[in-house]
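Undergrad: Pasting in a structure now, in structure tokens, and then I'll have a few things to ask.
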Amino acid sequence: MQSTPDSASAAPPPAPAAHQAPAGRAPAKGSTYRPEIQGLRAVAVLLVAVYHIWLGRVSGGVDVFLLLTGFLITGSLLRSVERKGGIGFTAFWTRMVKRLVPGAAVVLAGILTATYLFLPADRWRDVIAEVVAAALYYENWHLALNSVDYLARSGVASPVQHFWSLSIQGQFYLLWPFLIGGAAWLAARAKRPSPRGAVAVGLGLVFTASLAYSVVTTASQQAWAYFDLGARLWEFALGGLLALALPHLRLPMWLRVLLGWTGVAALVLCGLLVQVSTLFPGYIALWPTMAAVLVIAAGTTGRPLAVDRLLNLRAMHYVGDHAYALYLWHWPVLICYLEVTDRTLPSLTGGFAVLAVSMLLAVATRWITETRVDVFTRVRPARRWSLAVGAAFLVPVLAATGLWSGYLTEQQRQQELAVEQSGSYTGAQALTAPAAQQDQAPVPVYPAPADAADDVPRTYADGCNQETGKSEVLTCVYGPDDAEHTVALVGASHAAHWFPALMEIAEDRDWRVVNIIKGSCLFTDIVQVYRGEEYHSCAQWNSGVLDELRRLRPDAVFTTATSTSIDGEAGFGGEVVVEGYVDRWRELDRMGIDVVAVRDTPRMPFDAPECVAEDGPEACVADRSFSMDAESPLEKLEDVPDNVAFIDMTDHMCDGDRCPAVIGNILVYWDTGHITTTYMRTLAPGLGERIAAATDL
């Protein structure tokens with residue numbers, strides 16, 4: 001499963017609220033109940049689960065749930081204004097805390113437990129961070145930032161990531177009372193007899209602005225837009241506009257029957273006909289939201305052949321009652337099943353088992369967090385007791401994350417001390433001087449798999465490596481201003497991971513290192529591809545890099561000479577000298593700048609930290625031929641300018657045709673292809689010798 005919007009498609013069903021009256025006729029006096037909405041909840045949550053479990057796709061259910069939330073909450077807040085003259089903000093928010101937080105906290109506690117039992121140690125820190133983000137309702141922003149972070153580990157599905165939609169709902173619950181209350185206040189100031197017109201104008205403005213922003217942002221930064229509250233507000237606003245319009249609808253019975261079935265059919269087919277994960281939430285999200293609008297507009301007809309007969313079945317209402325908890329449980333249960341069985345999708349029977357376990361957990365969770373909590377708060381109805389209930393469930397989860405994170409940090413500190421005091425962590429020396437390693441006692445791998453993702457060059461923490469979505473050239477200078485030589489490190493992340501070794505050499509030889517890096521952007525003028533699309537910001541960045549090098553005039557540029565990209569992820573596969581590299585080197589020659597071009601490092605067919613955590617270092621070895629040619633492409637390269645010196649460090653990473661994930665007790669990779677800072681530092685002596693032999697530096 002991929003750690004993308006595909007993996008977390010639906011917002012949780014909205015918290016129960018008073019329902020609107022049936023469409024097509026004026027509401028009965030005092031009646032706001034709409035039974036078909038509970039059935040629509042059931043359809044949406046079942047689609048989410050079925051699409052995730054058996055199809056590995058997104059169903060569009062997120063948009064239905066967001067629309068339903070806007071529909072129900074807008075109606076509830078508006079009725080409060082009309083009955084009481086205002087909105088009880090504190091009462092509204094405490095009610096939301098009591099309804100949403102306990103169930104979410106129980107599931108998060110279950111996720112922490114399952115993470116410890118079933119997931120490899122290298123994923124623990126990421127899950128802990130996401131549990132905190134989910135508990136505090138900012139998981140959508142956490143994932144949005146990771147979606148544009150080149151260092152974020154891709155291809156790994158988190159058991160928490162589906163909470164992004166719950167976070168969006170939580171932010172909506174904070175914002176919406178101000179919107180409705182503000183519109184009502186303006187209507188009162190204007191002496192309007194009803195606040196509904198002002199509320200409609202406010203919702204219309206939100207709908208228009210948010211939809212326009214969603215369309216633009218989805219076209220330019222879809223991964224960010226998927227998790228962005230601003231790109232989703234229009235769906236809540238559409239639900240609110242429907243709540244305002246519904247009492248005025250007068251539809252003939254035949255049309256209501258047609259609309260109901262059309263809406264359900266469109267909703268069921270949406271995920272099959274539209275690639276939701278890569279196109280939403282722009283204008284295409286009107287498909288599932290308008291499908292839900294049709295079902296709600298159809299209302300309850302009571303006709304034998306109408307869709308509401310299906311939606312109002314007792315079984316559908318039972319699923320609808322448990323939809324919130326079922327949504328929260330189905331994803332972590334699925335992730336744990338896939339991890340234990342080592343599958344990408346469940347079998348037919350395995351999928352039914354996932355669904356059954358999820359439903360059982362949902363029933364138990366609802367009984368604990370709603371039925372029992374309702375009994376408690378009926379006896380103690382004060383608002384502070386609702387907050388106390390939320391805190392009683394949430395605080396232990398946050399405390400557990402803090403204790404676990406502290407334990408992992410202390411373990412890391414103890415291992416760092418052991419590494420400093422031990423001669424057993426030799427890294428590349430185990431290949432270059434193997435005789436000295438024979439009698440070493442076995443020691444734990446360093447960095448530990450759980451900490452590998454943090455063992456990256458300091459330039460990332462310093463904010464010196466440009467993000468994939470931006471084109472500005474960032475330069476960071478390390479070393480003295482009066483250094484004897486200046487070396488510019490230029491290229492993509494496979495150039496960036498040489499920084500620790502270069503800094504070790506620079507400190508010994510009085511160099512200054514200038515870091516000029518952009519994620520997934522090679523130092524060439526050809527059109528590059530990133531995540532399946534033309535990488536326009538990379539082309540702009542490359543042009544700016546040449547201008548910056550003209551200004552800086554470093555003694556040499558250190559960059560990659562080949563690329564070992566696999567599966568065509570950058571528009572090509574295998575090991576190649578990328579088109580345009582030699583042209584770049586010639587331009588540098590004309591500037592009087594030397595080039596140190598290093599052969600790219602081998603890649604793994606597996607996530608190295610995860611493999612080491614699960615199977616041990618001995619099992620985690622790749623064939624060199626997986627990503628590298630038997631003979632370096634540099635040997636056959638012609639017409640190379642005189643300013644270029646080639647460096648090949650493959651023998652410091654592979655033992656013949658075998659490329660281990662752990663060498664000299666040091667973990668080589670922090671993912672499938674990027675070298676840990678710790679291991680890269682052990683390459684410094686060999687790299688320094690080869691640079692000295694090939695250049696005048």
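The values are calculated or read from the model by the stated rules, or taken from the named source; none is laboratory data. Here the structure is a predicted model, which is why all the values come from computation and not from measurement. All Cβ positions, even for glycine, are placed from backbone atoms using ideal geometry, and neighbour counts span all protein chains on display. Heavy atoms of the whole protein, side chains included, go into the accessibility calculation; ligands, DNA and RNA do not. Shrake-Rupley method; radii C 1.70, N 1.55, O 1.52, S 1.80 Å.
Undergrad: I'd like the distance separating the alpha-carbon centroids of segment 492-568 and segment 73-91, in whole Å.
TA: 57 Å
Undergrad: Could you give the alpha-carbon Rg of segment 258-373 over 2.2 N^0.38 Å, rounded to two decimals?
TA: On the way: Rg = 17.1 Å, N = 116, 2.2 N^0.38 = 13.4 Å.
After normalising by residue count via 2.2 N^0.38 Å, the value is 1.28.
Undergrad: Another one. Looking only at Cβ-Cβ distances, which cysteines of the chain have no other cysteine closer than 4.7 Å?
TA: So far as the 4.7 Å Cβ criterion goes, Cys270, Cys336 stand without a partner in the chain.
Undergrad: If you don't mind, there's one more thing I want to ask. With a 1.4 Å probe and every protein chain left in place, work out the accessible area per residue of the chain in Å², rounded to a whole number.
TA: Details: 28770 Å² over 697 residues.
With all protein chains present, the chain gives 41 Å² per residue.
Undergrad: Hey, what's the Cα Rg ratio for segment 220-305 versus the globular rule of thumb, 2.2 N^0.38 Å?
TA: Values: Rg = 14.9 Å, N = 86, 2.2 N^0.38 = 12.0 Å.
Normalised Rg, Cα atoms only: 1.24.
Undergrad: Same structure again: Assuming 0.890 mPa s and 25 °C, estimate D for segment 577-697 with Stokes-Einstein, Rh taken as the Kirkwood radius over Cα pairs, in µm²/s. Mind showing how you got there, number by number?
TA: Numbers: Rh = 15.9 Å.
The calculation lands on 155 µm²/s.
Undergrad: Using Cα-only point scatterers and the Debye equation, what is log10 of I(q)/I(0) for the chain at each q in 0.07, 0.10, 0.12 Å⁻¹, rounded to two decimals?
TA: Log-scaled intensity ratios, in q order: -0.56, -0.99, -1.24.
Undergrad: For Lys191, go through the lysines and keep the ones whose alpha-carbon is under 20 Å away, minus same-chain ones fewer than eight residues off.
TA: Within the straight-line limit of under 20 Å, Lys191 reaches these lysines: Lys84.
Undergrad: Suppose every Lys and Arg Cβ carries +1 and every Asp and Glu Cβ carries -1, with no other charges. What dipole size does the chain come out with about its Cα centre, to the nearest 20 debye?
TA: Numbers: 51 positive and 68 negative charges, 1423 e Å.
That gives the chain a dipole magnitude of about 6840 debye.
Undergrad: Hey, another quick one. Rounded to the nearest 10 Å², what accessible area does Leu310 show when all protein chains are kept and the probe is 1.4 Å?
TA: Around 70 Å² of this residue is reachable by solvent.
Undergrad: Shifting gears a bit: Share of segment 62-202's accessible area from carbon and sulfur, percent, 1.4 Å? Numbers along the way, then the final one.
TA: Numbers: 3190 of 5040 Å².
Answer for segment 62-202 is 63 percent, counting heavy atoms of protein chains only.
Undergrad: Follow-up. Over the alpha carbons of segment 71-207, what is the largest minus smallest coordinate on each principal axis, giving the biggest first in Å?
TA: In descending order, the Cα extents are 63, 32, 18 Å.
Undergrad: Using a 1.4 Å probe over the heavy atoms of the protein chains, calculate the carbon and sulfur portion of the accessible area of segment 263-368 as a whole percent.
TA: Numbers: 3280 of 4560 Å².
Ligands and nucleic acids excluded, carbon and sulfur give 72 percent.
Undergrad: Same structure, new question: If you take the charge dipole of the chain about its Cα centre, with +1 on Lys and Arg Cβ and -1 on Asp and Glu Cβ, which of Pro500, Gly616, Leu244 is farthest toward its positive end?
TA: Leu244
Undergrad: Of the options Ala291, Ile675, Ser76, report the single residue whose Cα projects farthest towards the positive end of the charge dipole of the chain (beta-carbon charges: Lys, Arg +1; Asp, Glu -1).
TA: Highest projection toward the positive end goes to Ser76.
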